[in-house]
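Remarks on the structure that follows.
Read-outs: derived from the displayed coordinates by stated rules, not from any lab. Just so you know, these numbers come straight off a predicted model, no measurement behind them. When we count neighbours, we look across all protein chains shown, and the Cβ atoms used for this are built from the backbone with ideal geometry, even at glycine.
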Amino acid sequence: MTHNISSPWSEGYQGAVSLTFDDGAQSQLRTAIPIMNDLNLKGTFFVCPKGKDWISYLEPWREVAKAGHEVGNHSISHICSKALGTDPNATRCLENTTIQELEADILEASKRLREGIPEQKEFTFCYPCYHDYVGEGLTRQSYVPIIAKHFPAGRGRGEFGYNHPATCDLAYLWSWNIEHVNAPTLVGLAEEAATLGRWVIFTIHSINEGRLMISETAFRQLCEFLNRHRERIWVAPMVTVALRIREWRNSQGILRNE
């Protein structure tokens, strides 16, 4: 499709949806990707290439990337705030991590992704646990500028879910985490995004298993809805939509500190 200069989306599209997945759960490989591949829907899968055998870990994800999906950076260490736990003396947490340490961890993950999936030229970042800072109190500071420096976009959670293409911060995009959400609600969110001309990013962890799960039925019904309405709702990996928004902003003279 050709681009309409007055719209951030390609001609005919009303809005955009990105299906994103965290942590490289096996149910994504086993269930989500086959459903998406059958319907020719492409998504983004954020992984942590950790451990000594990280190259073997990335092998199935390389095949995912070859099928047209994005495999993104979720850091190596997946460090979150100690506020998620109960130990005030926790040491492996964002409160006790420096910007320099975190940047090194994230860049090493990118290095491994480029080595393990050489066909993939660009990819985005996902904030572990949606947290975008290090330190606490007087020492707390955002690491969003680090992500803005190294990636086309970064995905967090945010306040409202929908991203306006002209005003959203690509370095910290809003998303809906959709654990235990039913299909009619998901379809409604996608439909509302299209109606408003917005970009909605869904965050998914596992399918039919674990604490942070969505049912296979709900996921399949969402995908089937998106497939039926693919002429007006653009379904694409996060990196693809982010790069399109950058291109559109440049064409419209929308200056952002990106």
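Quick notes on this one:
- Selection status of ARG198, buried (at least 18 other Cβ atoms within 10 Å of the Cβ) and of a type in the set (Lys, Arg): yes
- Restricting attention to segment 183-211, the residues being free of Cβ contacts under 8 Å to residues at least 60 places away in the same chain and touching a Ser or Thr at 6+ places or on another chain (Cβ under 8 Å) number 1.
- One residue from ALA166, ALA171 being under 14 Å from the mean Cα position of the chain (by Cα), farther than 13 Å from LEU19 by Cβ, of a type in the set (Gly, Ala, Ser) and assigned to a loop (DSSP other than H, G, I, E, B): ALA171
- Extreme residue, surrounded by the most Cβ atoms within 10 Å (Cβ to Cβ), among residues of segment 122-137 that are over 10 Å from the mean Cα position of the chain (by Cα) and at negative phi: VAL134
- Qualifying residue in segment 201-216 (condition: surrounded by 15 or more Cβ atoms within 10 Å (Cβ to Cβ), under 15 Å from VAL241 (Cα atoms), touching a strand residue (DSSP E or B) at 6+ places or on another chain (Cβ under 6 Å) and of a type outside the set (Asp, Glu)): yes
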